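Working notes, beginning with the structure itself.
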Amino acid sequence: MDNPLIVINCKVYHEGMGRRADLIAQSAQDIGEESGVTIGLAPNYTDLHRISHHFDIPVFSQHLDGVSPGAYTGHITAESVRMAGARGTLLNHSEKKLTLADIEAAIRAAKEHHLETIVCTNNDATTAAASALEPGYVAIEPPELIGGKISVSEADPDIIRRSVAAVQRINPRVAVLAGAGIHSGVCVKTAIDLGTRGVLLASSVVKAEDPAHVLRDLVSRL
Ligand code: G3P
């Protein structure tokens, strides 16, 4: 995954479930092929298997638990996510926060099952701590900008700069994504120019009347 990467998190938005998830996945596949940008999707767990098997895009779980198969109830294991066809997982999203120990266990479990890992962080300290655990990516997302109309690229480019610098210092093998409020090609281009590999986003695409239209704009300046 060396191309620019856009990951669309469906969260549990009504507009990101079932047939709408299929429509978003189809748009991601078409626009990814047209543009050469890798566009991945993190659907609901119940959509994970179907989307992984019907579309040629990287599919991510929204979370997983770093436990081995066994006597746990309601947990999501790396093995089950892999068997469902996912390529990777988000971890520690602001809406699904984990302890450092949980993140470490989840990264280990994901690696055992050859899953890519994107650890979300909300400030400089968590970015630094997460990068030391060597996920594939850290995704810096200031929580106050999540779901809003003003993106991290516009409102707080410095946090992106500092995250890239911290990751470079601590573990340059880790790539950085930026997220929160990303809604246009300019937001994506700014994030990439600041040293990230791409963006993590949700509402601008998932809640759009025409997700393909928004996606075309998102890749338009790359
Ligand atoms: O995981 C992506 C996310 O938290 C950002 O959400 O709606 O601001 O793009 P949004």
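The values are calculated or read from the model by the stated rules, or taken from the named source; none is laboratory data. Owing to the predicted nature of the structure, the values given are computational and were not obtained by experimental measurement. A quick note on method: Cβ atoms are made from the backbone with ideal geometry, for glycine too, and the neighbour counts reach across all protein chains shown. Quick note on the areas: whole protein, heavy atoms, side chains included, nothing else; ligands and nucleic acids left out. Shrake-Rupley method; radii C 1.70, N 1.55, O 1.52, S 1.80 Å.
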Given a 1.4 Å probe and every protein chain left where it sits, what share in percent of the accessible area of the stretch 70-174 is carbon and sulfur?
-> 52 percent
Net lengthening on full extension, ILE150/VAL186 (0.36 nm per residue, minus Cα-Cα) = 11.8 nm
Local electrostatic count at THR77 - Lys and Arg +1, Asp and Glu -1, tallied over other residues with Cβ under 15 Å | -1
Per residue Cα convex hull volume in Å³ - calculated over the stretch 59-102 = 78 Å³
Using +1 on the beta carbon of Lys and Arg, -1 on that of Asp and Glu, and nothing else charged, what's the dipole of the chain about the Cα centre, debye to 20?
-> 180 debye
Theoretical ellipticity at 222 nm over the chain - DSSP helices of four or more residues, -39500 (n - 2.57) apiece, nearest 500 | -12500 deg cm²/dmol
In nm, give the distance between the simple-model label positions of GLN26 and ARG108, each being 7 Å from the Cα along the Cα-to-Cβ direction.
-> 4.4 nm
Would you mind computing, in nm to one decimal, how far apart the modelled labels at GLU34 and LEU100 are, each placed 7 Å from Cα along Cα→Cβ?
-> 4.5 nm
With every protein chain kept in place and a 1.4 Å probe, the residues GLU154, GLU134 fall, from largest accessible area down, as GLU154, GLU134
Accessible surface, per residue, of the stretch 5-219 when the full set of protein chains is kept, probe 1.4 Å, Å² = 43 Å²
In 5 Å bins starting at 0, how do the alpha-carbon pair distances of the chain split up by percent?
-> 1, 8, 17, 20, 22, 17, 11, 4, 1, 0
Under a 1.4 Å probe, counting only protein heavy atoms, LYS111 has an accessible area in Å², nearest 10, of 100 Å²
Evaluate the distance, in nm, between pseudo-label points positioned 7 Å from the Cα of MET83 and of TYR45 along their respective Cα→Cβ axes.
-> 1.4 nm
Counting pairs on different chains as well as pairs 8 or more places apart, how many Lys pairs in the stretch 5-219 have Cα atoms under 14 Å apart?
-> 4
Can you bin the stretch 1-126 into rounded, prolate or oblate? Criterion: square roots of the alpha carbon gyration tensor eigenvalues sorted a ≥ b ≥ c, rounded for a/c under 1.5, prolate for a/b above b/c, oblate for the rest.
-> prolate
